[in-house]
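K.L.:
I'd like to ask you about the structure that follows.
The values are calculated or read from the model by the stated rules, or taken from the named source; none is laboratory data. Because the structure is a prediction, the values reported are computed rather than measured. All Cβ positions, glycine included, derive from the backbone under ideal geometry; neighbour counts span all protein chains shown.
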Amino acid sequence: MFVMKRILATLVAGACVLGVTQGTAAGQIQIQVSTTVVINELSPDGPNGALDEFLEIRNVSGVPQDLTGVRVRVQTAIPSCQVVLVLPLDGFVLARAGSPGDFLVLTGPDFSSTVDVDAQVLSLGVELLPARGSATLFTGNSRVDAVAWAPPQLGTCPGEGRPARTSPLGGSLSRDVLGTDTDDNRTDFHIARRSAGSE
């Protein structure tokens, strides 16, 4: 099953390299989805509390992606989208989609789950994700991908489209097995069991 998922992800990733845009007739918004790397899964808290957290970055393209110059910016919605972390990802190269090494997992200090053996890991000694906020991948001044999360009826920081819902304690917010990116967080992310470093 795992091998079939990897093969399917590779085939779809090859198609994704072409990019996806929506028509630009009057009143429509052009959507330019990420065709290189995406924030694929996140869990702001786990069974061990607020620092039992992780953020997963995935290569969705058919070629290796060098993360030199890419950085993660995390903002908390409380009090008002304050930047709480900027983390450069220099030195990491993600293998092409569907290959061992196509995931990078950033973990908080009390991370308690397992990470797939083929994933790359960067363990942090500081809080990674607030209960409500956003995470953005940047290269230079350009946004590569972003996700915002908040409980229903509560505001959060800018992401892509509508914010994703928050996950239950010990769960995660995850894209589908293909890493689909429509630039609407509520569409792209669903509640899932933690699966750091794998589909």
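K.L.:
Would you check if Asp102 is among the acidic types (Asp, Glu) and in contact with a strand residue (DSSP E or B) (Cβ under 6 Å, 6 or more places away or on another chain)?
P.N.:
yes
K.L.:
Which pairs have Cβ atoms under 6 Å, sit 6 or more apart or on different chains, and link a residue in the stretch 27-42 that is within 26 Å of Leu129 (Cα to Cα) and acidic (Asp, Glu) to one that is outside any loop (DSSP other than H, G, I, E, B) and at pLDDT 80 or above?
P.N.:
Listed pairs, sorted by first residue: Glu41/Glu56; Glu41/Ser172; Glu41/Ser174.
K.L.:
Right, next: Scan the stretch 56-73 residue by residue and report those that are over 14 Å from Asp90 (Cα atoms) and of a type in the set (Gly, Ala, Ser).
P.N.:
Ser61, Gly62
K.L.:
Still on this structure, please answer the following. Contact list please: Cβ distance under 6 Å, first residue in the stretch 71-98 and among the acidic types (Asp, Glu), second residue modelled with pLDDT of 95 or more, pairs at least six apart or on different chains.
P.N.:
Cβ pairs passing all conditions: Asp90/Thr68.
K.L.:
Name the single residue that is surrounded by the fewest Cβ atoms within 10 Å (Cβ to Cβ) among those in the stretch 34-56 being under 8 Å from the mean Cα position of the chain (by Cα) and closer than 16 Å to Gln75 by Cβ. Show your work before the answer.
P.N.:
Within the stretch 34-56, the first condition is being under 8 Å from the mean Cα position of the chain (by Cα), and the residues that meet it are 38-42, 55-56.
Of the ones still in play, those that are also closer than 16 Å to Gln75 by Cβ are 39, 42, 55.
Details: Ile39: 29, Leu42: 24, Leu55: 28.
Among them, the one singled out is Leu42.
K.L.:
For the stretch 162-194, which residues satisfy the criterion of being part of a strand (DSSP E or B) and surrounded by fewer than 15 Cβ atoms within 10 Å (Cβ to Cβ)?
P.N.:
Once the filter is applied, which keeps residues that are part of a strand (DSSP E or B) and surrounded by fewer than 15 Cβ atoms within 10 Å (Cβ to Cβ), the stretch 162-194 yields His190, Ile191, Arg193.
K.L.:
Next question, about the same structure. Among all residue pairs at least 6 apart or on different chains, which show Cβ distances below 9 Å where the first residue, located in the stretch 44-64, is among the polar types (S, T, N, Q) and the second is assigned to a loop (DSSP other than H, G, I, E, B) and crowded, with 24+ Cβ neighbours inside 10 Å?
P.N.:
Hits for this filter: Asn59/Ala97; Asn59/Asp102; Asn59/Gly179; Ser61/Ala97.
K.L.:
Please work out which residue is farthest from Gly159 (Cα to Cα), limiting yourself to the stretch 111-139 and to residues that are more than 16 Å from the chain's Cα centre (by Cα) and surrounded by 19 or more Cβ atoms within 10 Å (Cβ to Cβ).
P.N.:
Step by step, filter the stretch 111-139, then rank; the result is Ser113.
K.L.:
Now, a different point. Name the one entry in Gly108, Gly197 that is crowded, with 21+ Cβ neighbours inside 10 Å and either at pLDDT 95 or above or over 23 Å from Thr35 (Cβ atoms) (or both).
P.N.:
Just a single option satisfies the conditions, and that option is Gly108.
K.L.:
Of the residues in the stretch 144-159, how many are modelled with pLDDT under 90 and of a type in the set (Asp, Glu)?
P.N.:
Number satisfying all stated conditions: 0.
K.L.:
Using the structure shown, decide if Thr114 is more than 20 Å from Gln75 (Cα to Cα) and free of Cβ contacts under 8 Å to residues at least 12 places away in the same chain. First the steps, then the outcome.
P.N.:
Working: more than 20 Å from Gln75 (Cα to Cα): yes; free of Cβ contacts under 8 Å to residues at least 12 places away in the same chain: no.
Against the criterion (more than 20 Å from Gln75 (Cα to Cα) and free of Cβ contacts under 8 Å to residues at least 12 places away in the same chain), Thr114 does not qualify.
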